[in-house]
Structures are given as C-alpha cells and as structure tokens.
C-alpha cells in the first residue's frame with residue numbers, strides 16, 4: 001500500500017476510534033451524577049466498553065500510519081482538529097434523556113458499521129469489529145429501552161426526549177455521508193457502502209422512535225464534518241479535561 | 001419520578017451452568033426488565049454469572065427473626081439427621 005492510501009486507511013480507522021473515545025469520555029462525565037447508582041454503573045460500563053474499543057482501534061490506526069504513534073499518543077496528544085470523531089459523539093450530554101437519545105443514534109450506527117466491518121478485508125479491523133458488536137448489542141438494548149421509557153413517559157420526559165431528537169438529528173447526516181476516504185476504503189474492501197447502511201439504521205431507529213411516540217424530524221443539511229476534523233467549541237472543553245493529566249505530567253502512568 | 005420511587009428487586013445470579021442461582025444483592029428499578037439490566041450492570045461486571053433472576057423484594061415472604069428460637073433451635077440436638085451420625089458397615093462399598 002502506498003503512503004497516501006495508508007494515510008486514508010489510518011484516517012478511516014481513526015474516525016471510528018475517535019467516535020468511541022469521545023463518546024466514552026462524554027459518558028464518563030455522568031459518573032457520580034447519574035439519576036440512580038444503577039444508571040451510574042450502566043453508563044460507566046458502556047463508557048468503558050467504548051474506551052476499550054477505542055484503544056484497540058487507535059493502536060491499529062497507529063500501526064497502519066507507521067509513524068510510531070501508539071494508542072496513548074493518539075488519544076491524549078493530538079490537537080482538536082486532528083480528532084476525526086463524528087460530530088454527534090461530541091455533543092454535550094445535556095439531561096439524561098438527551099444523553100440516551102445520542103446514545104441510541106450512535107449505538108444503532110455502530111451496530112451497522114461493526115457488523116459490516118466484521119467482514120472487512122482489513123483482518124485486524126474485522127476482528128475488533130466482531131468483538132465490539134457484542135458489546136454494542138447490549139448498549140443498543142439499554143439506550144432503546146430508555147428512549148422508549150422517556151418518550152412514552154410523562155409529558156415532561158416526552159417533551160425533553162423529542163427536543164433531544166430534534167436537536168441531535170442534523171448531526172446524524174454525517175454518519176452516512178461518504179467522502180473521498182470512505183469511498184477509497186469501500187473500493188479497497190476495507191469499509192462498507194455507508195449509504196446502504198442507512199436503510200438498516202433508519203429501520204432500527206424508527207422502530208424505537210415509534211414505540212417511544214417520538215417524531216422523526218426531517219433530514220437537514222450537514223452542519224460540520226467531525227470526521228474531517230471540523231469541531232465545535234464543545235470538543236475543546238472535553239479535550240482540555242481528557243488531556244490534562246498527560247499534558248501536565250507527560251508520560252505519567254498508574 | 002426519582003430513583004427513590006423505584007421498586008426494590010432482589011437479584012440472583014447463576015455463576016455457571018449447572019449451579020443454582022444465588023442471592024447477590026438488590027437493585028432499584030421501575031420494572032423487571034430494567035431490574036435485569038441493572039443487575040447485569042451492577043453484579044456481573046467481573047464475569048460473575050451466566051444467568052440472572054430478579055424478584056420484587058415485596059414479593060418475598062420472610063421468617064421473623066424473633067421466631068428463630070422456635071424455628072431453628074429444635075434442630076440443634078437432632079444429630080441423627082446428619083448422615084455422618086451413622087456408622088457405615090464395611091460391606092457397603094459405594095456410598
């Protein structure tokens with residue numbers, strides 16, 4: 001593989017890795033603040049699964065890249081515009097309902113992407129995806145159940161859940177909008193045709209929204225490409241907290 | 001609604017196939033389905049189990065600790081109820 005296709009390949013894996021990492025960090029913000037101790041642990045478990053996936057994927061991306069950057073360097077020592085996570089993942093937690101709506105949208109996306117990546121021509125990526133899909137199946141069950149409870153709950157919880165769906169929906173466009181890197185990886189047999197995954201994703205999200213008596217908003221134009229390093233102010237705040245220790249005490253270990 | 005309004009469920013975990021479900025603790029939840037998820041998240045983080053039962057704590061009928069003397073004391077001197085009380089004849093090979 002030549003240099004530019006290795007770069008595209010590394011960027012492709014980084015996008016999936018960073019989405020796990022940033023979402024895991026977001027969920028970690030709930031620890032000690034969730035509405036019940038059982039939910040505190042539930043969110044922390046999901047966060048740990050995501051960070052575990054991020055570690056494997058970051059290491060893999062570093063190897064493909066071939067510049068000696070390991071998982072820690074990639075996780076903690078990049079600048080904001082070098083993070084390639086989906087913009088949806090960095091959206092602030094808001095209330096518990098908004099966190100779970102965001103989770104549902106990403107869980108359903110991960111189910112589709114990991115399922116198809118488990119047949120990737122990239123052997124290592126296929127192995128990571130096959131392991132991750134089992135974790136995501138539980139995450140999806142957890143987030144779906146909560147979105148149904150809140151959407152079909154009290155007038156207050158319904159209003160809040162609907163507001164979260166309305167506000168987060170525009171960020172889902174990016175999940176299935178293929179750019180040149182996605183297309184190159186599809187041609188190389190590494191990644192799937194993103195547009196074709198959307199049908200299955202939509203079916204799974206629609207089923208939950210319907211049961212939750214929530215309305216799916218119309219698709220609107222793409223706002224930013226998180227996967228091309230275009231991020232909002234929110235990511236900067238998240239990174240300053242996440243990177244603090246490694247920046248202040250380089251090389252610090254447990 | 002806060003978690004204080006949630007019902008209490010007792011959690012039973014089967015550690016491995018073939019073993020029985022053992023009581024491990026309790027969780028709060030609005031219904032049994034949520035209780036199973038909570039039990040999974042709270043009590044099986046370290047591969048403790050392969051199966052979960054939950055039951056509403058209010059559905060459990062319990063003996064009164066004040067009755068302990070009447071219920072359990074009489075068994076104390078019934079040593080012949082233990083198999084080790086009996087001499088096994090040498091002729092019995094497989095027991």
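Just so it is clear, none of the values below were taken in a lab; they were calculated from the coordinates. Given the structure is predicted, the values throughout are model-derived calculations rather than measurements. Cβ: placed from backbone, ideal geometry, glycine included. Neighbour counts: every protein chain shown.
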I'm told residue A:158 meets every condition in (1) within 14 Å of chain B (Cβ to nearest Cβ); (2) free of Cβ contacts under 8 Å to residues at least 24 places away in the same chain except one. Can you identify the failing condition by its number?
(2)
Looking only at segment A:28-53, how many residues end up being within 13 Å of chain B (Cβ to nearest Cβ), surrounded by 24 or more Cβ atoms within 10 Å (Cβ to Cβ) and in contact (Cβ under 8 Å) with a residue 60 or more places away in the chain?
2
Within segment A:126-144, which residues are buried (at least 19 other Cβ atoms within 10 Å of the Cβ) and at the interface with chain B (Cβ under 10 Å from one of its Cβ atoms)?
A:142
Single residue of segment B:1-26 satisfying the filter (in contact with a helix residue (DSSP H, G or I) (Cβ under 9 Å, 6 or more places away or on another chain) and under 23 Å from residue A:157 (Cα atoms)) that is nearest to the other protein chains (Cβ to nearest Cβ)
B:3
Please specify each residue of segment B:27-58 satisfying the condition of being more than 9 Å from chain A (Cβ to nearest Cβ) and touching a helix residue (DSSP H, G or I) at 6+ places or on another chain (Cβ under 6 Å).
B:52, B:54
For the list (1) away from chain B (no Cβ under 11 Å); (2) touching a helix residue (DSSP H, G or I) at 6+ places or on another chain (Cβ under 7 Å), I need the number of the one condition that residue A:79 fails.
(2)
Residue check, residue A:148 against (1) over 23 Å from residue A:93 (Cβ atoms); (2) over 19 Å from the mean Cα position of the chain (by Cα); (3) buried (at least 19 other Cβ atoms within 10 Å of the Cβ), all met but one. Which one?
(1)
List every residue pair whose Cβ atoms sit under 8 Å apart, with the two residues 6 or more apart in sequence or on different chains, where the first one lies in segment B:55-80 and is farther than 25 Å from residue B:22 by Cα and the second, anywhere, is assigned to a loop (DSSP other than H, G, I, E, B).
B:80/B:86
Test result for residue A:189, surrounded by fewer than 12 Cβ atoms within 10 Å (Cβ to Cβ) and assigned to a loop (DSSP other than H, G, I, E, B)
yes
Looking at segment B:37-95 only, could you name the residues that are under 30 Å from residue A:146 (Cα atoms) and part of a helix (DSSP H, G or I)?
B:37, B:38, B:39, B:40, B:41, B:42, B:43, B:57, B:58, B:59
